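Undergrad: This is the structure I want to talk about, given as structure tokens.
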Ligand SMILES: Cc1cc2nc3c(=O)[nH]c(=O)nc-3n(C[C@H](O)[C@H](O)[C@H](O)COP(=O)(O)OP(=O)(O)OC[C@H]3O[C@@H](n4cnc5c(N)ncnc54)[C@H](O)[C@@H]3O)c2cc1C
């Protein structure tokens, strides 16, 4: 049975189309774009044509929606070609889901049709220089007055922020609220006076797309920019959005792990030492066996979480498990791919060094793996263990 057999024939076609796009359009250019750290304008344009930015947008708003398992497998394909491309549609999808689940009808009509085509791309701004894990300690504040909100504060590591026309900004509309999460709201903000993208952050991997510091200095947002129209709900809204975000990050890890396995499997059959292909040395063969086994387990865990989410169930624990396991798996596979490639594993003329630089982002991003363990433990206690 192929993994794609769990999808409808329409959804299989979507994944196969993205797979072909990756093999024909991405793989031939990725190394050059990566090392020049070039924004993949042409590839993003093709992704728009393929409808990838509309995968979480219902048809009535102009999208071409797919199930969460299909979304996971599309993300895996993109990341197999280049993790940066999967990153470019990750935050966008979370914001689309936030709008869909919590937005007012006016907010949906205003943004979703243009998000579906990729004309408007979106990102989310949570992390601040003072910390990303402890979100309730955030210092970005939106004060309400007669003209709307006056926003001041700083966010950091915001992916795609230069090129995203819509930013889902997590901030405090009531900094004195107790407990603190009751004072948090999400504002739908756009670039304008008072909002500066102050710096592109240099980074180990995730090249080509920008991750930036952004500064709000007396930025004006209209009253109706609060997601869903009422203040104080932003923390719970974002926690729900992160369920999709963590599935997306897990899927990105699957893609990086799969690329590393595929390259290693091919190399181990071409490369010879002591008169035989290196896969016939048991030590090398064992790496391949372990890579394939752990990747299959990670994919099944991620698809399980995606199916649960698709059924409408709460999946913070399941998405946390998928993100934790898939990202640690991708890191290990990427390291073992370097080993299998010997000296070439360390060469920038091969792709495996990129997988090794990209894999750690999935360990840190969308809530670190330490935070995932906290989420899993809390849920285990409150749900009374795992379902039988
Ligand atoms: C390339 C890149 C892109 C990113 N894109 C975005 C984006 O688009 N939008 C966005 O909002 N953010 C983004 N981030 C930020 C990312 O989500 C944060 O880096 C992450 O949440 C961790 O926050 P921090 O870096 O402040 O680490 P800290 O919160 O300072 O944590 C430091 C260490 O302490 C550990 N720790 C902290 N608290 C606990 C705890 N309670 N229990 C156990 N361990 C704990 C952490 O796990 C970590 O090991 C991006 C980051 C990177 C690197």
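Undergrad: When you go through (1) within 15 Å of the ligand (Cβ to nearest atom); (2) at pLDDT 95 or above one by one for residue 112, which number turns out not to apply?
TA: Looking at each condition in turn, residue 112 falls short on (1).
Undergrad: Let me ask something else about it. Mind telling me which of the residues 343, 367 ends up being more than 16 Å from the ligand (Cβ to nearest atom) and either in a helix (DSSP H, G or I) or in the same structural domain as residue 273 (by TED's automatic domain parsing) (or both)?
TA: Result of the check over 343, 367: 343.
Undergrad: Moving on to the next point. Keeping to the stretch 127-164, report how many residues are in contact (Cβ under 8 Å) with a residue 40 or more places away in the chain, in contact with a helix residue (DSSP H, G or I) (Cβ under 8 Å, 6 or more places away or on another chain) and either within 10 Å of the ligand (Cβ to nearest atom) or closer than 26 Å to residue 114 by Cβ (or both).
TA: Summing the residues that are in contact (Cβ under 8 Å) with a residue 40 or more places away in the chain, in contact with a helix residue (DSSP H, G or I) (Cβ under 8 Å, 6 or more places away or on another chain) and either within 10 Å of the ligand (Cβ to nearest atom) or closer than 26 Å to residue 114 by Cβ (or both) in the stretch 127-164 gives 8.
Undergrad: Do we have residue 39 as under 30 Å from residue 107 (Cα atoms), out of contact with any helix residue (DSSP H, G or I) (no Cβ under 6 Å at 6 or more places or on another chain) and not in a helix (DSSP H, G or I) here?
TA: Taking the combined requirement at face value, the residue satisfies it.
Undergrad: Just to verify a result, which residue in the stretch 190-213, among those that are in a strand (DSSP E or B) and more than 10 Å from the ligand (Cβ to nearest atom), is farthest from residue 356 (Cα to Cα)?
TA: Out of the qualifying residues, it is 195.
Undergrad: Can I ask one more? Which members of the stretch 214-239 meet the condition of being assigned to a helix (DSSP H, G or I) and over 17 Å from residue 126 (Cα atoms)?
TA: 223, 224, 228, 229
Undergrad: If you go through the stretch 138-161, how many residues are over 17 Å from the mean Cα position of the chain (by Cα) and either in a strand (DSSP E or B) or modelled with pLDDT under 95 (or both)?
TA: 15
Undergrad: Here are 288, 324: which of them is farther than 20 Å from residue 207 by Cα, at pLDDT 95 or above and within 16 Å of the ligand (Cβ to nearest atom)?
TA: None of the other options fit; the residue is 324.
The values are calculated or read from the model by the stated rules, or taken from the named source; none is laboratory data. Only a predicted model underlies this, so the values are computations on that prediction, with no experimental measurement involved. FYI the Cβ positions are ideal-geometry reconstructions off the backbone, even for glycines, and counts take in every protein chain you see.
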